[in-house]
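Peer 1: Attaching a single structure in structure tokens format; questions to follow.
The values are calculated or read from the model by the stated rules, or taken from the named source; none is laboratory data. Computed from a predicted model, the values in this text were never measured in an experiment. Here the Cβ positions follow ideal geometry from the backbone for every residue, glycine too, while neighbour counts run over all protein chains shown.
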Amino acid sequence: MRSPFVAGNWKMNTTATEAEKLVLEMLDKLDRIKGAEKVLCPPFVSLVAINMMLQGSSIKLGAQNMYFETEGAYTGEISPVMLSELCEFVILGHSERRWYFGETDEIVNKKVKAALANRLQPILCVGERLAEKEAGKTEDVINRQVTADFKGIEPVSNLVIAYEPVWAIGTGKAASGEQAAATIQFIRDALAKLWNKSIAQDLRILYGGSVTSANIAEFIAHPEIDGALVGGASLKSEDFVSIVEQTAEIKGRVK
Ligand code: PGA
């Protein structure tokens, strides 16, 4: 049985002071929610402080990116070794990394390998752009990303995948529950072919892209969708707590 999973990707938002305030607003309420794994992914500069704030709670910490080398002369980069002292998770291959910072599947593949080698669970993001969707290429794009991003990696169960259609991110135009569920089923089938059926059944696959407290139920009601990667709405404590509450509640009923 896959346990429900909700991660908040704060992106390049919140100063260290604002981040601590946001955590304080959510900490107790999130901590009390059973039945969903809860992960916060603040900016790098807040990881140390938030790691301390989350000690003894049921809330886990993730980073938003990392470099694939473990140490050395890579000015400005953060390594998996550094993160593994603070975090359990790291978002990799987010479309903003792929499209604004030129991250290729080859780079993403190196990062996934480096994360796994350093006891970090990747939250690997895949998804098609608008032109690709309109050209009917969603499945091709996703198949290419999954195959290339996991190239040379033995089947592993300690990672999470997020299906994030690029056209739905930060646009307020979320995919429909049906669309998301169908593509997530396609991803699971692709993983079954690449690795094996039992791993594909065990891996959590999330939906991400304009998830809010008003539409989360539509996604979570589908058994194929194991949770959400939430951007904008994760910066509002009430919304994020509500998204996690609804996820735990609805998934608890579906079981
Ligand atoms: P959004 O971002 O919820 O603001 O659309 C999701 C993401 O990029 O992970």
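Peer 1: Return only the number of the condition from (1) in contact (Cβ under 8 Å) with a residue 24 or more places away in the chain; (2) under 25 Å from I243 (Cα atoms) that V146 does not satisfy.
Peer 2: Among (1) in contact (Cβ under 8 Å) with a residue 24 or more places away in the chain; (2) under 25 Å from I243 (Cα atoms), V146 violates only (2).
Peer 1: Looking only at region 70-99, filter to residues that are assigned to a helix (DSSP H, G or I) and of a type in the set (S, T, N, Q); which one of those is surrounded by the most Cβ atoms within 10 Å (Cβ to Cβ)?
Peer 2: Step by step, filter region 70-99, then rank; the result is S95.
Peer 1: Same structure again: Can you confirm whether region 188-198 contains a residue that is charged (D, E, K, R) and within 16 Å of the ligand (Cβ to nearest atom)? Break it down stepwise before answering.
Peer 2: Looking only at region 188-198, we keep the residues that are charged (D, E, K, R), and these are 188-189, 193, 197.
The next check asks that each one be within 16 Å of the ligand (Cβ to nearest atom); those that pass are none.
Within region 188-198, none of the residues are charged (D, E, K, R) and within 16 Å of the ligand (Cβ to nearest atom).
Peer 1: So if I check each of I142, I161, which one is more than 21 Å from A233 (Cα to Cα) and more than 12 Å from the ligand (Cβ to nearest atom)?
Peer 2: Among I142, I161, only I142 is more than 21 Å from A233 (Cα to Cα) and more than 12 Å from the ligand (Cβ to nearest atom).
Peer 1: In addition: Among I161, I199, which is of a type in the set (V, I, T) and surrounded by 19 or more Cβ atoms within 10 Å (Cβ to Cβ)?
Peer 2: So the residue among I161, I199 that is of a type in the set (V, I, T) and surrounded by 19 or more Cβ atoms within 10 Å (Cβ to Cβ) is I161.
Peer 1: Within region 1-69, considering only strands (runs of 3 or more DSSP E) that don't extend past its boundaries, which have at least 1 residues that are closer than 24 Å to R204 by Cβ and out of contact with any Leu (no Cβ under 9 Å at 6 or more places or on another chain)?
Peer 2: 37-41
Peer 1: For a quick check of your reading of the model, give me the residue pairs whose first member lies in region 168-195 and is under 16 Å from D226 (Cβ atoms), whose second is small (G, A, S) and assigned to a helix (DSSP H, G or I), with beta-carbon atoms closer than 8 Å and at least 6 apart or on different chains.
Peer 2: Sorted first by the residue in region 168-195, then by its partner, the pairs are A175/A168; R188/A200; D189/A200; L191/A200; A192/A200.
Peer 1: How many residues are within 16 Å of the ligand (Cβ to nearest atom), without any contact (Cβ under 8 Å) to a residue 40 or more places away in the chain and either assigned to a helix (DSSP H, G or I) or surrounded by fewer than 16 Cβ atoms within 10 Å (Cβ to Cβ) (or both) when one looks only at region 100-139?
Peer 2: 4
Peer 1: Taking the options E218, E238, E249, name whichever one is acidic (D, E), crowded, with 18+ Cβ neighbours inside 10 Å and either more than 16 Å from the ligand (Cβ to nearest atom) or modelled with pLDDT of 95 or more (or both).
Peer 2: Criteria check complete, one pass: E218.
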